Amino acid sequence: MPGKNPYYDPSKSHHTPDGFTNAEPQNRQEGDFKRWRKERKALRLPAPPEKGYEHFISQWWQSADFSGTDDRLWFLGHACLLLRVAGRYVLMDPALSARASPLSFYGPKRKTPVAATVEMLPPIDVVLFSHNHYDHLDRATVRKLLRRFPDVQFMVPLGMKPWLERRGARYIEELDWWQEHQFGDLTFSAVPARHWSMRTFWDRNQSLWCGWVVRNADFRFYFSGDSGYSNQFELIGQRLGPFDLAAIPVGAYAPRWFMSAQHMDPQQAVTVFSQLRCQKAVPIHWGVFELADDSLDQPLNELAQAISQSDSPEMAFKPLKIGASISKD
């Protein structure tokens, strides 16, 4: 069938001849983006954290410490995570530059310091990317990683391999939803997400987006990447759960009428915790970049309220400081 998607498989509903799509119907209307930008400017959003940026940083940031040998997860800010499992290190969505932008002088600016530079990281075995947005896939960070770890293994959703090859990456696995790749004793599974992709005006949805499951005989971990709420979470829990540990997004959701197609809110994240059948989870996608109208501390405040009002107020779904870590046990 004619089109510009070289991966097109007509048997898969998230494939189209011209790119990729979500399992859910599109709920945005023409003009919504301009309406949101106009309202945001008029209301002067996002607001600073309740007690200011300096207090927020003092409360929610620390330099990362990678000592020890136990299975452990570090939250390095926004959607960047480092997982140590069975002696291997898996880095997720590293975006460690000053801005989430193709430009060094314009675009969303980092509001909290980097918790660990590339030079501070332990030896990285695998780098996972969920999609190609600038707050998840950062060119400068990738170049630094390749200089320090030239033989690192990248795993990405369909369509992202050519971009990494142009930056000098040699070991790249591209996966579609529900496909798996074995790396030593670890199994990596690309799983569905509700999002989109774009790095230029000409490549919208030309590459896929996904979450990741990392597992071995003793441990199961789920990384959401970016996602709006979807019935796919329940399916992921059924097929690959239960999870010992998960990373679930809670930020960049306001205003909900505009952001819900791509980012879930804290109330939905609490539902997803149960649907994934998690033992423990950490909230991600908060605390670094102001991408929507919620302030840096608003997702955490709403998450605490949502948990207290849920059917399981004792659930182990607690925020980590940027730079802090949690063990699997």
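The values are calculated or read from the model by the stated rules, or taken from the named source; none is laboratory data. Note that the structure is a prediction, hence the values are computed from the model and not measured. As a convention, Cβ positions derive from the backbone with ideal geometry for all residues, glycine included, and neighbour counts pool all protein chains shown. Heads up: the accessible areas ignore ligands, DNA and RNA and are worked out on the full protein's heavy atoms, side chains in. Shrake-Rupley method; radii C 1.70, N 1.55, O 1.52, S 1.80 Å.
Could you compute the net charge surrounding residue 168? Neighbours are other residues with a C-beta less than 10 Å from the C-beta of residue 168; K and R count +1, D and E count -1. Once all neighbours under 10 Å are counted, the net charge is +4.
Measuring with a 1.4 angstrom probe and ignoring ligands and nucleic acids, residue 239 comes out at about 140 Å² accessible.
Summing charges over all other residues whose Cβ lies under 9 Å from the Cβ of residue 302, with Lys and Arg as +1 and Asp and Glu as -1, gives -2.
Restricting the chymotrypsin sites (Phe, Trp or Tyr not before Pro) of segment 72-170 to loop positions (DSSP other than H, G, I, E, B) with no more than 10 neighbouring Cβ atoms within 10 Å leaves 105, 106. Based on Cα contacts under 8 Å between residues 6+ apart, segment 39-90 shows a relative contact order of 20 percent.
Using the Cα gyration tensor of segment 71-327, with a ≥ b ≥ c the square roots of its eigenvalues, what is the shape: rounded (a/c below 1.5), prolate (a/b larger than b/c) or oblate (neither)?
Working: a/c = 1.41, a/b = 1.17, b/c = 1.21.
The shape class here is rounded.
Each residue of segment 80-85 was assigned a 3J(HN,Hα) from its phi angle through the Karplus expression (A = 6.51, B = -1.76, C = 1.60, θ = phi - 60°), giving 7, 9, 10, 10, 10, 9 Hz with x at Gly and Pro. Accessible area ranking (1.4 Å probe, heavy atoms, ligands and nucleic acids excluded), largest first, for 146, 235: 235, 146. Mark the label point 7 Å from the Cα of residue 301 along Cα→Cβ and return the residues of segment 36-51 whose backbone N is within less than 13 Å of it. Of the residues in segment 36-51, 47-51 have backbone N under 13 Å from the label point off residue 301. With contributions of -39500 (n - 2.57) from each DSSP H run of at least four residues, the per-residue ellipticity at 222 nm computed over the chain stands at -6000 deg cm²/dmol.
Taking a probe of 1.4 Å, how large is the accessible area per residue of segment 71-327, in Å²?
On the way: 9140 Å² over 257 residues.
Normalised by residue count, the accessible surface of segment 71-327 is 36 Å².
For residue 111, the accessible surface of its heavy atoms amounts to roughly 70 Å² (probe 1.4 Å, protein chains only, rounded to the nearest 10).
Computed from the C-beta positions of residue 167 and residue 310 and an R0 of 45 Å, the FRET efficiency is 0.55 to the nearest 0.05. Set the Cα radius of gyration of segment 181-291 against 2.2 N^0.38 Å, with N its number of residues, and you get 1.09. Exposed loop sites, defined as GluC sites (Glu not before Pro) outside DSSP H, G, I, E and B with at most 16 other Cβ atoms within 10 Å, are absent from the longest region of the chain, namely 51-313. With all protein chains in place and a 1.4 Å probe, the accessible surface of the chain carries 50 percent carbon and sulfur.
Hey, with R₀ at 35 Å, roughly what FRET efficiency would residue 147 and residue 43 work out to, going by the Cβ-Cβ distance, to 0.05? Don't skip to the end; give the middle numbers.
Working: r = 43 Å, r/R0 = 1.23.
The calculated FRET efficiency here is 0.25.
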